[in-house]
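The values are calculated or read from the model by the stated rules, or taken from the named source; none is laboratory data. This is a predicted model, so every value here is computed, not measured. Using ideal geometry, Cβ is built from the backbone for each residue, glycine included, and neighbour counts are taken over all protein chains shown. In case anyone asks, the SASA skips ligands and DNA or RNA and just uses the protein heavy atoms, side chains included. Shrake-Rupley method; radii C 1.70, N 1.55, O 1.52, S 1.80 Å.
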Amino acid sequence: MISLRSLAQLLMLLIQSGYRGVASSPTDEGALRTGHGEHGEPGHQEPHKDSYSTFASEFLESRYLSDDGYPFPTAPPVDPFAKIKVSDCGVTKGCIRYGKPGCDAETCDYFLSYRRIGTDVEYEMSADTDGWVAVGFSSDKKMGGDDVMGCVHDDNGRVRIHHFYNVGQWAKEIKRNPARDEEGIFENNRVTCRFKRPLYVPREETLVDLHLSWYYLFAWGPAIQGSITRHDIDSPPVSDHMISIYKYEDIFMPSTAYQTFNSPLCLLLIVALTFYLLMGTP
């Protein structure tokens, strides 16, 4: 039976033998002689190739190159569309909502927000439609001669920002588009978009200076092959006063279905009917 002392000595010999084999192997000594002359001068040395790094590089090449040796195309990163925050309305941006009381950017018939960012104005728009949503800048509350920005959902599922000019009741697309940083999405049967537009522009008929106040025209409707058609309602809503991008308001405009009980005449009739029922007939 081997004693503990003999086992310890044998283990020490194995460790020393392994250390000597690693530290000064004939292969390493030959490599040193090949790399230096007799007096330590550099000589001819074959390029050293690390077997692991060579394997790794060959693996990566085979992983990311096609059979023809060309890199596989990679899709550019796509940032998700950031949802419109209505909690900022009236605080850090202005908002106009048209629809049911208490609606937001995802439930209003129409939603618009605006805010200043440096020398630009950022707009966010959303409407309950699968076609297009737009805002017009008017001096008289009427369609005709208006600068219009629209977001159009095309047949490929993309939402693009277009620039229009109202000629009467017809919107003519203008090639010069002041929009930048465009993004849009079509989801849950809603067209939603966000873009920036310069605050100041050279004087031109189809472009207005946004530092001035304008009546805002709101419209939306269907599109055919990426082209807008007539808006959904005969009389699109208009802001009741001129909007200034320097004043962040949170404006609610009830849609037609909710306007009945808000008119002064209707309220007067309701009061008269209530008084009649309480007092009874003479």
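When the residues of the stretch 146-163 are narrowed to those that are surrounded by 22 or more Cβ atoms within 10 Å (Cβ to Cβ) and out of contact with any His (no Cβ under 6 Å at 6 or more places or on another chain), which ends up nearest to PHE195 (Cα to Cα)?
Ranking the candidates gives ILE161 first.
Any chance you could count how many residues in the stretch 153-175 are of a type in the set (S, T, N, Q) and either part of a loop (DSSP other than H, G, I, E, B) or within 15 Å of THR129 (Cα to Cα) (or both)?
Within the stretch 153-175, the first condition is being of a type in the set (S, T, N, Q), and the residues that meet it are 156, 166, 169.
Within this subset, residues satisfying the condition of being either part of a loop (DSSP other than H, G, I, E, B) or within 15 Å of THR129 (Cα to Cα) (or both) are 156, 169.
Residues that pass the stated criteria total 2.
Among the numbered conditions (1) over 27 Å from ARG203 (Cβ atoms); (2) open to solvent by 10 Å² or more (accessible area, probe 1.4 Å), tell me where MET143 comes up short.
(1)
Take LYS175 and tell me if it is modelled with pLDDT under 95 and loosely packed, with under 13 Cβ neighbours inside 10 Å. Show your work before the answer.
On the way: modelled with pLDDT under 95: yes; loosely packed, with under 13 Cβ neighbours inside 10 Å: yes.
For LYS175, the condition - modelled with pLDDT under 95 and loosely packed, with under 13 Cβ neighbours inside 10 Å - is met.
Mind telling me which of the residues ALA105, ALA127, ALA171 ends up being under 24 Å from SER227 (Cβ atoms), under 19 Å from the mean Cα position of the chain (by Cα) and not acidic (Asp, Glu)?
Only one candidate qualifies: ALA127.
Only one of these is closer than 19 Å to LYS196 by Cβ and modelled with pLDDT of 95 or more: PHE81, PHE111. Name it.
Working: PHE81 fails: modelled with pLDDT of 95 or more.
The match here is PHE111.
Condition check: more than 19 Å from ASP209 (Cβ to Cβ), out of contact with any helix residue (DSSP H, G or I) (no Cβ under 9 Å at 6 or more places or on another chain) and assigned to a loop (DSSP other than H, G, I, E, B). Does ASP140 satisfy that?
Numbers: more than 19 Å from ASP209 (Cβ to Cβ): no; out of contact with any helix residue (DSSP H, G or I) (no Cβ under 9 Å at 6 or more places or on another chain): yes; assigned to a loop (DSSP other than H, G, I, E, B): yes.
Criteria not met by ASP140.
Which residue pairs have Cβ atoms under 6 Å apart, sit 6 or more places apart or on different chains, and have a first residue in the stretch 129-142 that is over 10 Å from LEU217 (Cα atoms) and a second that is at pLDDT 90 or above and open to solvent by less than 10 Å² (accessible area, probe 1.4 Å)?
Matching pairs, first to second residue: THR129/VAL191; GLY131/GLY221; TRP132/GLY150; TRP132/VAL152; VAL133/MET125; VAL133/ALA127; VAL133/CYS151; VAL133/VAL191.
Out of the residues in the stretch 82-136 meeting the condition of being aliphatic (A, V, I, L, M) and assigned to a loop (DSSP other than H, G, I, E, B), tell me which one is nearest to GLU182 (Cα to Cα).
We begin by selecting, within the stretch 82-136, every residue aliphatic (A, V, I, L, M); these are 82, 84, 86, 91, 96, 105, 112, 117, 121, 125, 127, 133-135.
Filter once more, keeping what is assigned to a loop (DSSP other than H, G, I, E, B): 82, 84, 91, 105.
Numbers: ALA82: 12, ILE84: 14, VAL91: 23, ALA105: 18 Å.
Here the answer is ALA82.
Okay, residues lined up against (1) modelled with pLDDT of 75 or more; (2) touching a Pro at 6+ places or on another chain (Cβ under 8 Å); (3) surrounded by 11 or more Cβ atoms within 10 Å (Cβ to Cβ):
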residue: SER235; (1), (2), (3): yes, no, no
residue: VAL238; (1), (2), (3): yes, no, yes
residue: HIS241; (1), (2), (3): yes, no, yes
residue: LYS247; (1), (2), (3): yes, no, no
residue: ASP250; (1), (2), (3): yes, no, yes
residue: GLN259; (1), (2), (3): no, no, yes
residue: CYS266; (1), (2), (3): no, no, yes
residue: ILE270; (1), (2), (3): no, no, yes
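Please identify the pairs in which a residue from the stretch 176-203 that is assigned to a loop (DSSP other than H, G, I, E, B) has its Cβ atom under 6 Å from the Cβ atom of a residue that is open to solvent by less than 20 Å² (accessible area, probe 1.4 Å), counting only partners at least 6 apart or on another chain.
Listed pairs, sorted by first residue: ASN177/HIS163; PRO178/ARG197; ALA179/ILE161; ALA179/PHE195; ALA179/ARG197; LEU199/VAL121; LEU199/LEU210; VAL201/LEU207.
Across the stretch 109-123, what is the number of residues that are open to solvent by 10 Å² or more (accessible area, probe 1.4 Å) and either in contact with a Ser or Thr (Cβ under 8 Å, 6 or more places away or on another chain) or within 25 Å of GLU187 (Cβ to Cβ) (or both)?
Step one: list which residues in the stretch 109-123 are open to solvent by 10 Å² or more (accessible area, probe 1.4 Å), which gives 109, 115-120, 122.
Now restrict to residues that are either in contact with a Ser or Thr (Cβ under 8 Å, 6 or more places away or on another chain) or within 25 Å of GLU187 (Cβ to Cβ) (or both): 109, 115, 117, 122.
Number of matching residues: 4.
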